[in-house]
1. State all residues of region 324-370 that are among the small types (Gly, Ala, Ser), touching a residue at least 60 places away in the same chain (Cβ under 8 Å) and open to solvent by less than 20 Å² (accessible area, probe 1.4 Å); if no residue qualifies, say none.
2. Is it the case that some residue within region 242-263 is open to solvent by 40 Å² or more (accessible area, probe 1.4 Å) and in contact with a Gly (Cβ under 7 Å, 6 or more places away or on another chain)?
3. For region 172-203, how many residues meet the condition of being farther than 17 Å from Arg230 by Cβ, exposed (fewer than 13 other Cβ atoms within 10 Å of the Cβ) and at pLDDT 75 or above?
4. Within region 295-323, which residues are open to solvent by 50 Å² or more (accessible area, probe 1.4 Å) and under 24 Å from the mean Cα position of the chain (by Cα)?
5. Being within 30 Å of Val306 (Cα to Cα) and either modelled with pLDDT of 80 or more or in contact with a strand residue (DSSP E or B) (Cβ under 9 Å, 6 or more places away or on another chain) (or both) is the requirement here; does His248 meet it?
6. Output the qualifying pairs, or none if there are none: Cβ atoms under 6 angstrom, residues six or more apart or on different chains, first residue in region 126-150 and within 22 Å of Pro82 (Cβ to Cβ) and open to solvent by 100 Å² or more (accessible area, probe 1.4 Å), second residue of a type in the set (Phe, Trp, Tyr) and assigned to a helix (DSSP H, G or I).
7. Identify, please: which residue in region 327-369 is among the charged types (D, E, K, R) and at pLDDT 85 or above and is, among those, farthest from Ile315 (Cα to Cα)?
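The values are calculated or read from the model by the stated rules, or taken from the named source; none is laboratory data. In this text the structure is predicted, and so the values were computed from the model without any measurement. Counting neighbours? That spans all protein chains shown, and the Cβs are built from the backbone with ideal geometry, glycine included. Heads up: the accessible areas ignore ligands, DNA and RNA and are worked out on the full protein's heavy atoms, side chains in. Shrake-Rupley method; radii C 1.70, N 1.55, O 1.52, S 1.80 Å.
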Amino acid sequence: MERWSIGNKWLVLGLAIALIYAREASPSSWLILIVLLYLALDLTALLLPKLAHRNALYGAMLIYCACCAVYVSPEFVLLLPPTTYEMAKGKSTLIVAAALLAVPLLFLKGTLAAVYAFIVIISLLNRHHVRRLLMRLSRQEEQLDKLRLTQDKLRKRLNDNEDFIRASEYTYKLEERNRLSQEIHDGVGHSMTGALIQMEAAKRVLHTDPPGAEKLLQNAIGIAQESIERIRQTLKNMKPPVEQLGIHRLKSAVEAFGNRSGLQTLVVHSGDLEKITPLYWKIIYDNVTEALTNTAKYSGATSVQVEVRVLGKWIQAVVTDNGRGQAKIVKGMGLIGMEERAAAVNGMVIADGTQGFKVTTLIPYAPPES
């Protein structure tokens, strides 16, 4: 508001000086001193911290401008509108100020009257426009404060959720360890205890009853074999399938890429993923990562989709974005590296830039004989 006020008042002051020079060939020698004093008063009003003191100084400036208009040059009347509107804060005071500023029009004539009326109207419109801008700015600041408060709440909630997730993971690990220990104790522990009892009994009757001892040892062997099979089955149930590890790792990498780059990401898959060996998953993961990096650097896309499909004789991994594409594809180090990885297992890489950019990795089921 202060910058607007100074700019308008100084612009009007320059216009008044120009009119004085246009009317008088040799203006009064006091003109420079009067102008400097007005500027000093205006800057002083800007520096005053209290509104009441500023309004008092603006009132003194009004009297000063009126005296200069009467005793020095009538062009100084042009400074009355911007100075008067500076004191008008509310709608009612603005109307009163406009009515008071119409009084000098009764005494002004010719071009000066027209210029004065124009400045009154322009100052009023500028004042109204600036008040609207200030109100809008105030509302935006309030909204910004609310957004900051909401952001703080969300950050706190996110931290709480992260703490909850860590606590849940720790609790889950404890529960899983407790379940495994209980399962081993109830199943394998009891079986091995039974086998040990059978072997102790066989030891006692080994010399007196060899057939009975052999039977007891055979029972102990059977119990031990059953326990070993139970352990193997338990470990197998704990270990996730290879295809779940592969697709989960790929999804995690794509989601992390989307969070870093701001692109929308999607991962879809179909077919029997069990046919994808760990080596194939490694090639797919590396090629998809390289394609995503190229998308973020060069395509200008907003979204990218990753598809993993197991077809009749091929494993297909496709990375497609909605970027600008490229009619003629120039192979760089990234694309050449993708082709070399696929070629190591008799696969191939196909790049298409006609609609966005699409990179397809094709891998046959059977690994190379080498």
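1. Filtering region 324-370 down to residues among the small types (Gly, Ala, Ser) leaves 325, 327, 332, 334, 337, 342-344, 347, 351, 353, 356, 366, 370.
Remaining after also requiring touching a residue at least 60 places away in the same chain (Cβ under 8 Å): 344, 347.
The one that is among the small types (Gly, Ala, Ser), touching a residue at least 60 places away in the same chain (Cβ under 8 Å) and open to solvent by less than 20 Å² (accessible area, probe 1.4 Å): Gly347.
2. No, the conditions are met nowhere in region 242-263.
3. Total meeting the criteria: 2.
4. Filtering region 295-323 down to residues open to solvent by 50 Å² or more (accessible area, probe 1.4 Å) leaves 296-298, 300, 302, 305, 309, 311-314, 322.
The answer is Ala296, Lys297, Tyr298, Gly300, Thr302, Gln305, Asn322.
5. On the way: within 30 Å of Val306 (Cα to Cα): yes; either modelled with pLDDT of 80 or more or in contact with a strand residue (DSSP E or B) (Cβ under 9 Å, 6 or more places away or on another chain) (or both): yes.
So His248 fits the description; yes.
6. none
7. Keep residues of region 327-369 that are among the charged types (D, E, K, R), which gives 328, 331, 339-341, 352, 358, 369.
Next, from what is left, pick out any that are at pLDDT 85 or above: 339-341, 352, 358.
Details: Glu339: 15, Glu340: 16, Arg341: 14, Asp352: 18, Lys358: 16 Å.
Per the criteria, the residue is Asp352.
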